[in-house]
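Written out below as structure tokens is the structure these notes cover.
The values are calculated or read from the model by the stated rules, or taken from the named source; none is laboratory data. A quick note: this is a predicted structure, and the numbers were derived from the prediction, not measured. Positions of Cβ are generated from backbone atoms using ideal geometry, with glycine treated the same way; all protein chains shown enter the neighbour counts. Please note that ligands, DNA and RNA were not included when accessible areas were found on the heavy atoms of the full protein model with its side chains. Shrake-Rupley method; radii C 1.70, N 1.55, O 1.52, S 1.80 Å.
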Amino acid sequence: MQNNQVALVTGANQGIGLQIAKDLTAQGLTVLIGSRNFERGEAAAGELGPNAVALQLDVTDQASISNAAERIRKEFGRLDVLIQNAAITTTGDHHAQTPQEFVAANRPSVVSLDEMRAVWETNVFGVLAVYQAMLPILRDTPNSRIVNVSSGAGSLTLASDRNSPMHGSFDATYAASKTALNGLTVAMAIELEGDGIKVNAVSPGYTKTRMSPGGTDTVEDGAAEAVRVALLGSEGPTGMFTHATFGTIPW
Ligand code: NAP
């Protein structure tokens, strides 16, 4: 078994996931760079140095997930941290619509069911499939923990508050997928209470990446809370939803 702690970050070949991976390697962890395109994962791992290892992982492909779990078990023998970061807002071009156009096209009355299913396949069912595949290894690793990268956009409390900016932007596709992810986070935290495995959701905030070209925060800011929660010890909380500077976010 590998001596270093091992972390898997899904969707780590770019954006917030890549920064989370960078920060965790700097803390001395071995980080598996989950990437649906292996070459892009290898390029990202090359940037981060010897503590980063590319791992082919498409969260919508059960064979890819099973192979990744098998490789982790065989090559590393442990999984201390699972960061579920991979997500999409659309199957199309991220830059084709303004945020306002995106919300309008994703209202419940008009949203394409195929588009919504595709986004939920990645953001919700993909997270569950990776959870199920990795759980046996997490259970065999003392003090392991899971961080689900959610969004304040998924908060039902904020979406229901007419004075919140989240109210008008709550769409059926992306925002509601993060609400569903929050539900899964609570269900996972409850399931794993007896095992001592912590499961928390974090919000990166509005971060400039391919997903959010207008983001006002840097990737360093966006990664900070996931990294903090990933490094909490056995006394850390479970079943929380937090942001680096806003603190606890209401579900
Ligand atoms: P991003 O730059 O678009 O990166 C998303 C990552 O997910 C990419 O590496 C992408 O891989 C990967 N991915 C997508 N589908 C995948 C699949 N089926 N299997 C494996 N990987 C897949 O977005 P980001 O802004 O860094 O977002 C990271 C996380 O933060 C997401 O969960 C997002 O919802 C959340 N978030 C972001 C913001 C923000 O303002 N940016 C705000 C709140 C929450 P490819 O390179 O192959 O496409």
### Query
Looking at (1) in contact (Cβ under 8 Å) with a residue 40 or more places away in the chain; (2) farther than 30 Å from Gln27 by Cα; (3) crowded, with 16+ Cβ neighbours inside 10 Å; (4) out of contact with any Ser or Thr (no Cβ under 8 Å at 6 or more places or on another chain), which is the only condition His95 fails?
(3)
### Query
If only one of Ala54, Ala12, Ala45, Ala63 is within 15 Å of the ligand (Cβ to nearest atom), part of a helix (DSSP H, G or I) and open to solvent by less than 30 Å² (accessible area, probe 1.4 Å), which one is it?
Ala45
### Number of the condition not met by Ser164 [criteria: (1) touching a residue at least 12 places away in the same chain (Cβ under 8 Å); (2) touching a helix residue (DSSP H, G or I) at 6+ places or on another chain (Cβ under 8 Å); (3) away from the ligand (no atom under 14 Å from the Cβ)]
(1)
### Message
I'd like to verify a number: residues in segment 189-211 that are surrounded by 20 or more Cβ atoms within 10 Å (Cβ to Cβ) and more than 16 Å from the ligand (Cβ to nearest atom), how many?
### Response
4
### Summary
Residues of segment 117-134 being free of Cβ contacts under 8 Å to residues at least 60 places away in the same chain and either within 20 Å of Asn67 (Cβ to Cβ) or surrounded by 14 or more Cβ atoms within 10 Å (Cβ to Cβ) (or both), in sequence order, are Ala118, Val119, Asn123, Leu128, Tyr131, Gln132
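Table: residues versus (1) in a strand (DSSP E or B); (2) among the acidic types (Asp, Glu); (3) on the phi < 0 side of the Ramachandran plot.
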| site | (1), (2), (3) |
| --- | --- |
| His167 | no, no, yes |
| Asp171 | no, yes, yes |
| Lys178 | no, no, yes |
| Met188 | no, no, yes |
| Gly205 | no, no, no |
| Met211 | no, no, yes |
| Arg228 | no, no, yes |
### Query
If you take the residues of segment 66-82 that are open to solvent by 20 Å² or more (accessible area, probe 1.4 Å) and outside any helix (DSSP H, G or I), which of them is nearest to the ligand (Cβ to nearest atom)?
Arg78
### Task
Please state which one of Leu158, Leu181 is open to solvent by 30 Å² or more (accessible area, probe 1.4 Å) and at pLDDT 95 or above.
Leu158
